[in-house]
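Report on the structure given below.
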């Protein structure tokens, strides 16, 4: 009969879909609320910057909005996805770094190609456009 107890415990863990031996980083109510409040703040600030026109330069406003967006991505990854160097033996962080490298290569390559297409294309005047088929 003692051999049935571990089987029952394994069946119980399989039924609930988690194991107590696995150190999953589940958040507390406080950490979720902290992430939620930070997300609200990091959404309200760019909204206020754009709608109020506090900064006259559209370029600076766009840079600030993108910077706050990047900070908000980090907040979501830490507070909601529980990503840190210790989770899953560091593999989630490695996957994130790999994703960032691939996105950076794709974006920089696309911008490079578009810049060179723009500078190397033949300029078109309105008269030339009228004669196009």
So if R0 is 25 Å, what FRET efficiency would residue 125 and residue 66 give, r being the distance between their Cβ atoms, rounded to the nearest 0.05? 0.10
Theoretical gain in end-to-end length, residue 76 to residue 117 [0.36 nm per residue, Cα-Cα removed]: 11.1 nm
The simple spin-label model distance between residue 86 and residue 32, using points 7 Å out along Cα→Cβ, in nm, is 2.1 nm
Residue 50 versus residue 102, label points 7 Å from Cα toward the beta carbon: distance in nm? 2.8 nm
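Every number here is computed from the coordinates shown, using simple stated rules; none is lab data. It should be emphasised that the depicted structure is a prediction, and the values quoted were computed from it without experimental measurement. Counting neighbours? That spans all protein chains shown, and the Cβs are built from the backbone with ideal geometry, glycine included.
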